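J.: Submitted below is the structure of interest, expressed as structure tokens.
The values are calculated or read from the model by the stated rules, or taken from the named source; none is laboratory data. Here the structure is a predicted model, which means the values were calculated and not measured. Reconstructed Cβ throughout: ideal geometry from the backbone, glycine too, with neighbour counts over all protein chains shown.
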Amino acid sequence: MKIIIAPDSFKGSLTSTEAAHAIACGLRDADPYATLVEIPLADGGEGSVEAVAERLDAQIVTIDTVNPLMKKMTAKYAIAETAEGKTAIIETAAASGLNTVSRDERDIMASSTLGTGLIIADAFSRGCRNFIVGLGGSATNDAGLGILAALGYRLLDRNGKTLTPSGASLSELARIVASRDDDALRDCRFTLMCDVDNPLYGKSGAAFTFAAQKGASPQQIEQLDLGLRNWSRCVTRDLGIDVAELPGAGAAGGLGAMFAAFFNAEMRSGIEMVLDLAVFDDELRDADLVITGEGRMDSQTLHGKVPMGVLRHARRAAVPVIALSGAIDHCEEFDRAGMSGVFSIQPSPVSLDEAMQRETASRNLRSTASQIMQLIKAFTCK
């Protein structure tokens, strides 16, 4: 029996590589002779660099940068030689992600994408002119002001004073002055791994849809939305391009809009891009089962996340899919979508903090996978 193990990360607990390994160990506990293929996946958020870099035989680079609150940290990205030339693989979650600041420290108005910009600047200085950027998991809502500042663009208020790049500065922005590297940066190719289609502002925009989960109050959400509208007016006036309604403009606190306006970025489905790089369809040809999963499966999962991307491809190849998750909402929706089974890995009631500990999540994934394999054997080994 050939089983493909293709999970997303279990955010806050396990990377997709760690999750795949835990599932594989559980399956081998029950059947040491099964053929297992581990394909860790991502959709643009945490774990995207690892997932893409593995497929491109890339070099991992670690640099000093800053987190959303400008505190020093280190972050990783990857550099690969591809048909398009020297390519940097970067995820915004690495330096601008929710995982880089503790829950009680989160301050969306002060948060900035400067750290991600420093990563892009480092890759640019190393000769990269092709960039794959994952837009998931950000803690910010600054429409890329931090990235632009790191790349040498000047952010000015109505009095010509330089602004600190942050969500709060969006409302004060009057002008963005081009970087001295503007022409060279515009000649770069940016491909965004993005699995949301929200516009920049409005009730379906970046602030109203995503800012609450980043710690924003209702008042701050209103303020951020007004700031995004101001950013859009400035960009439309100065660049002659209106990206506010572009599908995905609201991704990662407005980074979709910024990359589209300043660097003519192409948006692609993150999970589809990773599946293509993993040659996933080729692996499916002789597979008997696929096991996928993520930390929480809910209504967002149904709209473009890793398990649904895996399911789409597996259904075309008539291969059944089982999903494992720490928490499950809308189980009946996954049944209707075509999942052969969706299983929680929690064996008993525990606190969220305990459930999300790396050792606990790994043990529970391994145990659940072992139980599933024993059930499969009971029906196939008669």
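J.: Among Ala184, Ala252, which is the only one that is touching a strand residue (DSSP E or B) at 6+ places or on another chain (Cβ under 6 Å) and small (Gly, Ala, Ser)? If you could, list the steps in order and put the result at the bottom.
T.: Values: Ala184 fails: touching a strand residue (DSSP E or B) at 6+ places or on another chain (Cβ under 6 Å).
Step by step, each of Ala184, Ala252 is checked, and only Ala252 is touching a strand residue (DSSP E or B) at 6+ places or on another chain (Cβ under 6 Å) and small (Gly, Ala, Ser).
J.: Quickly run through region 251-279 and pick out the residues that are farther than 20 Å from Thr113 by Cβ, crowded, with 24+ Cβ neighbours inside 10 Å and out of contact with any Asp or Glu (no Cβ under 8 Å at 6 or more places or on another chain).
T.: Selection gives Met273 alone.
J.: Would you check if there is a residue in region 147-155 being at pLDDT 95 or above, aromatic (Phe, Trp, Tyr) and assigned to a loop (DSSP other than H, G, I, E, B)? Walk me through how you get there before you give the answer.
T.: Within region 147-155, the first condition is being at pLDDT 95 or above, and the residues that meet it are 147-155.
Among the residues that remain, those that are also aromatic (Phe, Trp, Tyr) are: 153.
Of the ones still in play, those that are also assigned to a loop (DSSP other than H, G, I, E, B) are 153.
Yes.
J.: I've got another one for you. Give just the number: which of (1) aliphatic (A, V, I, L, M); (2) at pLDDT 95 or above; (3) part of a helix (DSSP H, G or I) does Val274 not satisfy?
T.: All conditions are met except number (2).
J.: Quick one: is Ala257 touching a residue at least 24 places away in the same chain (Cβ under 8 Å), in a helix (DSSP H, G or I) and on the phi > 0 side of the Ramachandran plot?
T.: Details: touching a residue at least 24 places away in the same chain (Cβ under 8 Å): yes; in a helix (DSSP H, G or I): yes; on the phi > 0 side of the Ramachandran plot: no.
So Ala257 fails the test.
J.: When only residues in region 10-53 that are within 15 Å of Lys76 (Cβ to Cβ) and among the acidic types (Asp, Glu) count, which is nearest to the chain's Cα centre (by Cα)?
T.: The qualifying residue nearest to the chain's Cα centre (by Cα) is Glu46.
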